[in-house]
Amino acid sequence: MSTARRRFGPSLPTRIFLAFAVVVVAAGGATFYGSAAVAALRHELTFLRQRALPLLDDLRRAGLELRAFDEALQRAAPHDLEWVVRFVPNARPYARIDALLVRARTLPFAATPPRLARLALGKPLPLPQIGADLAYLRSEATVLFRMRADADVAALVPGLRGLDTDAAAFDAIVRALSQAVADRRIGDASRLVVELRRMIRHVHGALDRSERTFEAALAERSDAAERSETRLQVLVGAAPAFALAVSIAMLLWMVSTVRPLVALTGVVRRLAAGDRHARAEAGGAAEIGALAVEWNRMADALALREAELLSQREELGRTERLAALGHMAARMAHEVRNPLSSIGLNAELLDEELQRGATGEPHEARELVAAISAQVDHLRTLTEGYLDRARPAPVLAARVDLVVLVRSLVDFAQSELDRRGVRCLVQAAEPEVVVDGDAGQLRQALWNLVRNAWEAMPGGGRLWVEIAAADGRATLAVEDTGPGIAEAVRERLFEPFVTTKERGTGLGLALVREVAVAHRGLAHLVEPRHGSGARFELELPR
């Protein structure tokens, strides 16, 4: 088997598995990539809509609100410092940074796509370090360092030296501003308002920079999402086309794989139809190639066996013919001996009558001559029957209308039928029943059946000759009202030399059977339909 596989290629199950695997991998790859693209796009849109854009809006809103505080503080008059004291705590710039910082720290985790999308599409564009920038802004001490260097501000804000962040300095300035307003120190309060505005503008500037950086990064991710959507649209159209193309390619491959099997089937049919030279070409899968080789080997063996059987059949036919010839010669000698004895006796009596001369009765001589003639006719009939049996004529294929054949034969035998008192009825199921055969042999077979029928009715009777056609076969039936056929001879009725008549040769029905077999038909005795006589049917293919 391994040699056959090396010669013919992969086996049929292997080819089927490979084709199925390629189709599954192609369809699965397209489906996997499509699912990954859909998952990535859905995640990106969800991230942008629920996390990134709201954070960007909050950054923008915080910057706008701080700018509004700055503008409000700028317009504040010295006599409105109490309003400033009530207004400034609502600014809370560093508290806003704390709220944004909490959300910014979770942003990278929310921006990470699912594992399926990362496996198929790789990592997305990185986001800027918004959380790190905000955290640095929350913990820096840039403004505090400047205020410590300003002796006037340091004098107005107690404890400024012990602070470490701008956020703590902002709260300290607010407390100092509240105390200055309460003490009605307008100049100190105005100086502290200026410092507050500087801190608010500092925070606003940092938020504005973070906003622009974040907005640019989101714009890039948005563009990447749009490109992903475009690729997904192309994929939605290309993936089925790709899977279909792969499936068609695998189908064509399987058709080419199975084609040797179809060819082998045709070879089997040709051999069954009689083409003994039909051989298969070894090729394709291992099993098909091995099957073709074994089939050719079997066909060669059958051809050899058929040649041997034909030779044996010919030898057997020669042996049977010799045996039949010997049997026929013995029967011929037996049949001829009695008529010859009768002829010799009548010839002696005729000689005696002739020696008497005119003294004898003339009618006696005539009777002797008639007896001799009858015996000679009997011998002629006997020898003709043996010759017909021994040398059957070949079948001359032609179109024969059985209806015309039957009517012409009945017309020919009508005078003999009338003399014997036999009434013949011809019945045809169709106006024309045509078969391929030899009109002469079919007429001879029909004549034997009709003659047997009237000989079975010496006192007269009825004779039916029927022609029928059904299922691609034609049936020619002859039935009489005679005594019928005894059960003892029914099975051997078509054998040579078997007869139920006293002076019959037993060759008529044997000739009928040979004509039927030569025309690829059948001849048999069936139950009568019109009485208790004998009914013979001759079946022929149409």
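The values are calculated or read from the model by the stated rules, or taken from the named source; none is laboratory data. These numbers were taken from a predicted model, which means no experiment stands behind them. So basically every Cβ, Gly included, is an ideal-geometry build from the backbone, and we count neighbours across all protein chains shown.
Taken together, the criteria place Arg221 among residues that are at negative phi, of a type in the set (Lys, Arg) and touching a residue at least 24 places away in the same chain (Cβ under 8 Å). Being assigned by TED's automatic domain parsing to the domain that holds Leu18 and surrounded by fewer than 12 Cβ atoms within 10 Å (Cβ to Cβ) is the requirement here; does Ala217 meet it? So Ala217 fails the test.
The residues on offer are Ser190, Ser256, and the sole one that is touching a helix residue (DSSP H, G or I) at 6+ places or on another chain (Cβ under 7 Å) and either among the hydroxyl-bearing types (Ser, Thr, Tyr) or modelled with pLDDT of 85 or more (or both) is Ser190. Restricting the search to segment 252-275, which residues are closer than 14 Å to Leu18 by Cα, touching a residue at least 12 places away in the same chain (Cβ under 8 Å) and among the hydrophobic types (A, V, I, L, M, F, W, C)? Of everything in segment 252-275, those that are closer than 14 Å to Leu18 by Cα, touching a residue at least 12 places away in the same chain (Cβ under 8 Å) and among the hydrophobic types (A, V, I, L, M, F, W, C) turn out to be Trp253, Met254. Residues of segment 241-263 that are surrounded by fewer than 15 Cβ atoms within 10 Å (Cβ to Cβ) and either closer than 30 Å to Glu44 by Cα or among the basic types (Lys, Arg) (or both): Ala241, Arg259.
Name the single residue that is nearest to Val403 (Cα to Cα) among those in segment 461-478 being in a strand (DSSP E or B) and among the charged types (D, E, K, R). Checking each candidate, the answer is Glu466. For segment 77-100, the tally of residues that are surrounded by fewer than 18 Cβ atoms within 10 Å (Cβ to Cβ) and hydrophobic (A, V, I, L, M, F, W, C) stands at 5. For segment 101-132, filtered to residues that are modelled with pLDDT of 75 or more and surrounded by 15 or more Cβ atoms within 10 Å (Cβ to Cβ), the residue that is farthest from Asp171 (Cα to Cα) is Leu107.
For segment 140-173, the tally of residues that are over 29 Å from Thr213 (Cβ atoms) and crowded, with 19+ Cβ neighbours inside 10 Å stands at 5. With respect to the conditions (1) free of Cβ contacts under 8 Å to residues at least 40 places away in the same chain; (2) of a type outside the set (Ser, Thr, Tyr); (3) closer than 28 Å to Ala111 by Cα, Glu71 falls short on a single one, namely (3). Taking segment 420-441 only, how many residues are under 15 Å from Val400 (Cα atoms) and either in a loop (DSSP other than H, G, I, E, B) or basic (Lys, Arg) (or both)? Counting residues in segment 420-441 that are under 15 Å from Val400 (Cα atoms) and either in a loop (DSSP other than H, G, I, E, B) or basic (Lys, Arg) (or both) gives 5. Considering the conditions (1) assigned to a helix (DSSP H, G or I); (2) at pLDDT 80 or above; (3) closer than 30 Å to Thr213 by Cβ, Leu137 is excluded by exactly one of them, (2).
Quick check on segment 438-479: of everything there that is under 54 Å from the mean Cα position of the chain (by Cα) and at positive phi, which residue is surrounded by the most Cβ atoms within 10 Å (Cβ to Cβ)? Here the residue is Gly472.
Determine if segment 453-464 includes at least one residue that is in contact with a helix residue (DSSP H, G or I) (Cβ under 6 Å, 6 or more places away or on another chain) and within 14 Å of Ala523 (Cα to Cα). No, there is no match, as no residue in segment 453-464 is in contact with a helix residue (DSSP H, G or I) (Cβ under 6 Å, 6 or more places away or on another chain) and within 14 Å of Ala523 (Cα to Cα).
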